[in-house]
1. When the label point is put 7 Å from the Cα of residue 146 along its Cα-to-beta-carbon vector, which residues of the stretch 95-113 have a backbone N closer than 19 Å?
2. Please work out the C-alpha center-to-center distance from the stretch 101-152 to the stretch 33-62 and express it in whole Å.
3. Report the FRET efficiency, 1/(1 + (r/R0)^6), for residue 90 and residue 26, where r is their Cβ-Cβ distance and R0 is 22 Å, rounded to 0.05.
4. Label the stretch 25-152 by shape, choosing from rounded, prolate and oblate, from the square roots a ≥ b ≥ c of the eigenvalues of the Cα gyration tensor; if a/c is under 1.5 it is rounded, and otherwise prolate applies when a/b is larger than b/c, oblate when it is not.
5. If r is the Cβ-Cβ distance from residue 115 to residue 48 and R0 is 35 Å, what FRET efficiency results, to the nearest 0.05?
6. Give me 148, 56 ranked fewest to most by other Cβ atoms within 10 Å of their Cβ, as a rough exposure proxy.
7. May I ask you to compute the full-extension gain from residue 132 to residue 104, defined as 0.36 nm times their residue separation minus their alpha-carbon distance, rounded to one decimal in nm?
8. Could you list 85, 97 in order of exposure, starting from the residue whose Cβ has the fewest other Cβ atoms within 10 Å?
């Protein structure tokens, strides 16, 4: 799906809810479309990227825009156990992916695993659920943070 298709779809969805596609919402979505899937940004990262590109948008507006884009299905929200959130472009091409998250710096890497998907399918089937998607969050320390830890 091209950005213009995405933008049109978002505009139609917002209009149905009595809302509009503001320039700020459009810039947030454009940023994620530009960087592509597999990149995980915090609200602060998004705000910083927009400020660097000369966009005048407040951090509060970024938070509201991210929540709305998640609600409308254009972004996925990944909740970090340490309290933060990361956002990524929703991608129908590979919905069942997993995340390796550094508990110290928040670095997030994606991976795919057929055995994790199979475990999710089996668990859903055994309990009478209909599987919609399967994802796993693995908390760990990235190599850089491991190195820092060994010096302390």
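Every read-out reported here was derived from the displayed coordinates using simple, explicitly stated rules and does not represent laboratory data. Small disclaimer: the values here were computed from a predicted structure and weren't measured. Cβ atoms come from the backbone with ideal geometry, glycine included; neighbour counts cover every protein chain shown.
1. Within reach of a label on residue 146: 99-112.
2. Comparing the Cα centres of the stretch 101-152 and the stretch 33-62, I get a distance of 25 Å.
3. Numbers: r = 17 Å, r/R0 = 0.75.
After rounding, the FRET efficiency stands at 0.85.
4. Here the stretch 25-152 falls in the oblate category.
5. Numbers: r = 37 Å, r/R0 = 1.06.
The formula returns an efficiency of 0.40 here.
6. Details: 148 13, 56 10.
Placing the least packed residue first, the sequence is 56, 148.
7. On the way: separation 28, 0.36 × 28 = 10.08 nm, distance 3.08 nm.
So the chain would gain 7.0 nm between residue 132 and residue 104.
8. Least to most surrounded, the residues fall as 85, 97.
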